[in-house]
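Notes to accompany the following structure.
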Amino acid sequence: MELIKVNPHKINHVRNLFVILARKKFNISHTCLPTYQEHKKFVENNPYRFWYLILNDNKYIGVIYVTFENVIGINTIISSKELYISAIKSIVNSHKPLDEVKSIRNKYFVININPNNKILIEAINILGLCHIQNTYIVKNLF
C-alpha cells in the first residue's frame, strides 16, 4: 500500500477520486453522488489539509485525508482491516494534528465512521482508539 498525494490538476487523480466516491459503500457527508463537474470543482478547491489516494497493486483503491479540524477521513472500495490500519498508521506517523481550538478542533486526530462500516470499526478497535462520541443528523424533526 502506498499513499499518493492528490494533485487536483491531474485528470487521472480527479477521475479516480470520482470512481472511488461512486463505489464507496458507507457515506457520512453526502446522500447522493455529485455530478462529475461538481466533483471536479470540489477537488480543484482542495478543501483538505492533506489528501491522498491509496494505491495497492498499481490500483487506486481508496482515499484518506486530514481536515483542518484534525479529522481523518478514509474511504475505500475494498474493506480490509489491514488496509485501514496501514493507512491510518501512515497518516498518524507522518502528520501531526493542528493545535487545539476549544469547541472547534480537538488536539488529537479524530475519525468519523459510518456505524455500518463494521470492518473499519474493528480496525479502530485493534488500534486501541478511544470511542468519544456518537453523532446524529437532525433532518425533519417537526
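Assorted remarks:
- The calculated pair-distance distribution of the chain uses every alpha carbon pair, bins of 5 angstrom beginning at 0, and gives 2, 9, 18, 22, 21, 16, 8, 3, 1, 0 percent.
- For the range 1-66, the per residue solvent-accessible surface stands at 62 Å², with DNA, RNA and ligands left out and a 1.4 Å probe.
- Long hydrophobic helices in the chain, taken as whole DSSP H segments with a C-alpha length of 15 Å or more on their own axis and mean Kyte-Doolittle hydropathy at least -0.5: 11-23, 81-94.
- Members of Lys5/Lys25; Lys10/Lys139; Lys10/Lys81 lying beyond 31 Å, as alpha-carbon distances in this model show: Lys10/Lys139
- Anisotropy class assigned to the range 42-100 is oblate, per the alpha carbon gyration tensor with a/c at or over the 1.5 cut-off and a/b no larger than b/c.
- Residues Lys5 and Asn114, FRET efficiency given R0 of 25 Å [Cβ-Cβ distance, rounded to 0.05]: 0.50
- Available extension along the chain between Asn46 and Glu82 is 10.2 nm, counting 0.36 nm per residue and deducting the alpha carbon span.
- Subtracting the Cα-Cα distance of Asn56 and Ile28 from their residue separation scaled by 0.36 nm leaves 7.6 nm.
- With Cα atoms defining each centre, the range 94-142 and the range 10-80 are spaced 18 Å apart in the structure.
- Gaussian network model of the chain, Cα within-10 Å springs - most flexible of Ile28, Ile72, Ile119: Ile28
- Distance between modelled label sites at Thr135 and Glu100, nm, 7 Å Cα→Cβ extension: 1.9
- Charging the Cβ of each Asp and Glu at -1 and of each Lys and Arg at +1, and nothing else, the dipole of the range 60-102 about its Cα centre rounds to 100 debye.
The values are calculated or read from the model by the stated rules, or taken from the named source; none is laboratory data. A quick note: this is a predicted structure, and the numbers were derived from the prediction, not measured. Note that we place each Cβ from the backbone using ideal geometry, even for glycine, and neighbour counts take in every protein chain shown. The protein model used for the area step is the full one, side chains on, heavy atoms only, and it has no ligands, DNA or RNA in it. Shrake-Rupley method; radii C 1.70, N 1.55, O 1.52, S 1.80 Å.
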